[in-house]
Amino acid sequence: MDDKTHFIPPTDPNKTQIGRPDFDATQISGWADANRTAMAGSIRSLAVECVPENSYALATQVSRLHVLVKIIASGSATGTRMPLNLCLILDRSGSMEGSPMEYMKQACGYVVDMLQPNDVLSIVAFSDEAELIMPARRVVNKQLIKEHINRLEVGNTTNLYDGIALGASQLASVASLGYVTRALLFTDGEPTSGNKDFNSIVSQVVEQKSRGITFTALGFGPEYNEELLAAIAKRSGGNYYYITRPELIPEIFRKELESVMMTVARNVRMRVLMSRWVQVRQIYNKLPAFGHRSAEVTLADLERGEIQTAIVELELGPRPGGTYRVAKIEIIYDDSSTGKTETVSSDVVINFTTDASRIASGFNPEVQRELEVARASRNLERTVMGMRTQMISPDEALRELEKTQALLIQQGKTLQAQDIQRAIDQIKQGAAAEKTLIGINLDREKVQ
Amino acid sequence: MTDDAEKTIAAGDVYSEKTSYVGQPGAEPTQMAVGIECPVCHTSNPPAETYCMDCGFLLTSQPEEQGVELEMRPPAVLVTTDGTREFALHVGQNTVGRQDADVLLTHNTVSRKHAVITVEDSKVYVEDIGSTNGTYVGGSKLNPGQKVELTDGAEIVFGNQTLILKLTTPSEEPSTKEETVTAQEAPVECVEIAPEPETQEAEAVAKLISEDGTVSHTLTRRTYSIGRREGNDIVIPDPYCSGRHAELRIEEDRMEIVDLNSTNGTLVNGVRIEPNNPYEIRIGDQLTFGQTVLKLEAPQ
């Protein structure tokens, strides 16, 4: 689509014109829907809860306050799941020759078997260029789809950029309303043809995300660029997987599809609305977009029973003592059970006092613990970057990882601690562990 | 805790009305007369509000009476170019960086310990403390350890984050002009950052021209601001171009473009680049700002 056709005629010469009126219109109707749903009181998939580090703050001077935000997806199944609009974007470059190709075909076969006739599937394969194996259509004749898949053959180079573009265009050809939209991007190598630039590829994903397309990045083998794949998944709210051996490909595809089928909230954004005399200093491990008295970040899609956390640090200015709502936190998302854009919110209410002893006794241990984990997450990121750029030695990396692991065990994050153990083992065997480490998410937790 | 859903949403809508509450909301003559006036900030609130829409005060309560010495205005603040963020500076040393800093800029072009801003005797100085991507004042890069005095309105760039210094004028001395004059006489240990002499013949590195040839700029080694508004180094009279749209950096061995979070984005060869991230460009590249397409060419 040519962007120029979307431009609206200029009105006020002093204001920048927004280039995408269609997109805006969708946003507005989303808001209207949110209002209507709220009044009808239907059951939404997400709930949000804010826990301030301290319910007191000093009235007389500038103070800083961490707020733990918990986004909780309801655990109960709401009957039938939303149909999927799924696109498989598959790498058929030369390095896929042999068993990887065979296992990938088998994995795709599983995906087809798991889908239902009201799901929509499209398949794209890329090598020197991207080609459409199957345009978006309902999964009716499974045998025929598998025959398409089985005809795939290995090619030469890896044109990831064009693969993503073609896959996204297939997903976009289906009206997004009423579907869980997801691209499964599978690759085993660095982009070697087409647009190979890291930033261009990530920007393309970010742009597709704004159209409601989420990417799951599945990296296979030792050669792919984990920083790129992790960025694709993170920036679009999808999952990232590192598949070490070809025989694991079908299992990981199955696992991811199950996760997608349990998606209850998509296009999740958190918006912090600040009252007067309040600034957002940071949102841990996120890059907020700041507006007038607001800060907004993108969160990953949530599946049933999942809890995501975020930590916001506020700076509070002095004021007359009393009770204030310093911020309101909104979670805006597409709800898979109501089929609409919903907003849930929670107030951060703080007591401003001149009595310093109240503050000393008012700290919330839960927020302190989560803060430790957020700092560990930041350290982990730094360790991975240090390993990638060889700025830190394997020994130093091991020490850092063991520290992080001990902290995670202490905080009850056993699954993530196990992932770190895997990375520790890899380093001890002299193998690269970055691909494992970059996928560890400390701010997402599945509650069974 | 989500309380009454309807109420919450209503408050949200009021919040999102951005421009109404800047400055002194109480003084707005157009606001509804019926409602609850906030005892703290005097904003008039609709009767249904629990918390003041502006300062968040719990409207059913009363503020504590004992005379709390309210905030002395900070001696200076740093604001982002779009005005959405404000960093108050205090007297003494203010650290600037990506982690645990007073002026916290969580962007990956900013070093963890990037710079120090010192406020003393109503003067403000900045010093780069060995950052990776450097600190720029008025377009000139600071050498590490070089302490530079900043004047009101100075543009300081940390990595790719631009902040503008706003000095708080002491209310008891309205003669700000006098102060500016003395400020220009820099102390001996400080280096005055002078604007680039225009007379000096700088070497042309590239040319930025429009397809029809109406826009043509010869580029030398420096940083150019690009936007619709007058005052940019390269002004693009296109309503789809943001007031401050992008920054073009021409360096020794590298040229890069940074989209300053413009409304319609910056495209390089038809591909939209990520905002606030330097993107390397080369001779022959096509740059799109709004609806205007400019080509980067070799000089002559």
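GluC sites (Glu not before Pro) within segment B:121-172: which are DSSP loop residues with at most 15 other Cβ atoms inside 10 Å?
On the way: sites: B:127, B:149, B:155, B:172; in loops: B:172.
For GluC sites (Glu not before Pro) across segment B:121-172 that sit outside H, G, I, E and B with at most 15 neighbouring Cβ atoms in 10 Å, the list reads B:172.
Local charge for residue A:160 was computed over the other residues whose Cβ lies under 10 Å away, with Lys and Arg +1 and Asp and Glu -1, and equals -2. Round to a whole angstrom and tell me the spacing of the C-alpha centers of segment A:118-188 and segment B:107-133. Cα centres, segment A:118-188 to segment B:107-133: 49 Å. Beyond 34 Å, how much of the Cα-Cα pair distribution for chain A remains, as a whole percent? That tail contains 38 percent of the Cα-Cα pairs. Here the gap between residue A:395 and residue A:43, fully extended at 0.36 nm per residue and compared with their Cα-Cα distance, gives a gain of 121.6 nm.
Would you calculate, for chain A, the mean residue ellipticity at 222 nm contributed by helices, counting each DSSP H stretch of 4 or more residues as -39,500 (n - 2.57) and dividing by all residues, to the nearest 500? Don't jump to the answer; show the numbers that get you there.
Working: 12 runs with 161 residues, N = 448.
Only helices count here, giving -11500 deg cm²/dmol.
Neighbour counts of C-beta atoms inside 10 Å place A:340, A:255 in the sequence A:255, A:340, starting with the fewest.
Kirkwood's formula applied to the C-alpha pairs of segment A:296-448 gives a hydrodynamic radius of 18.5 angstrom. Segment residue B:147..residue B:293, full-extension length gain: 48.5 nm, with 0.36 nm per residue of separation and the alpha-carbon distance subtracted. Which residue, A:271, A:44, A:382, tops the fluctuation ranking in a GNM of chain A built on C-alpha contacts under 10 Å? Between A:271, A:44, A:382, it is A:382 that shows the largest mean-square fluctuation. For segment A:275-334 and segment A:371-448, what is the centre-to-centre distance using only Cα atoms, to the nearest Å? After rounding, the separation between the Cα centres reads 27 Å. Panel order for B:247, A:303, by other beta carbons found within 10 Å of each beta carbon, from fewest to most: A:303, B:247. Given R₀ = 51 Å, what would the calculated FRET efficiency be for residue B:37 paired with residue B:215, taking r from the Cβ atoms and rounding to 0.05? Between residue B:37 and residue B:215 the formula returns 0.45. Which part of segment A:107-122 falls in the paramagnetic zone of residue A:140, meaning amide N under 17 Å from the point 7 Å along Cα-to-beta-carbon? Under 17 Å, as judged by backbone N against the label point of residue A:140, lie A:115-122 of segment A:107-122.
Using the number of other C-beta atoms within 10 angstrom as an exposure proxy, rank A:414, B:84 with the fewest first. Intermediate values should be presented prior to the final figure.
Details: A:414 10, B:84 16.
So the residues, fewest neighbours to most, are A:414, B:84.
Given springs between every Cα pair under 10 Å in a Gaussian network model of chain A, which of A:101, A:270, A:391 has the largest fluctuation? Residue with maximal mean-square fluctuation among A:101, A:270, A:391: A:391. One chain, two ends: residue A:211 and residue A:356. Fully extended at 0.36 nm per residue, the span grows by 47.3 nm beyond their Cα-Cα distance.
Quick note: the coordinates plus some simple rules give every number you see, no bench work behind them. Treat the numbers as computed from the prediction; the structure is a model and nothing was measured. Positions of Cβ are backbone-derived with ideal geometry, glycine not excepted, and every protein chain shown enters the neighbour counts.
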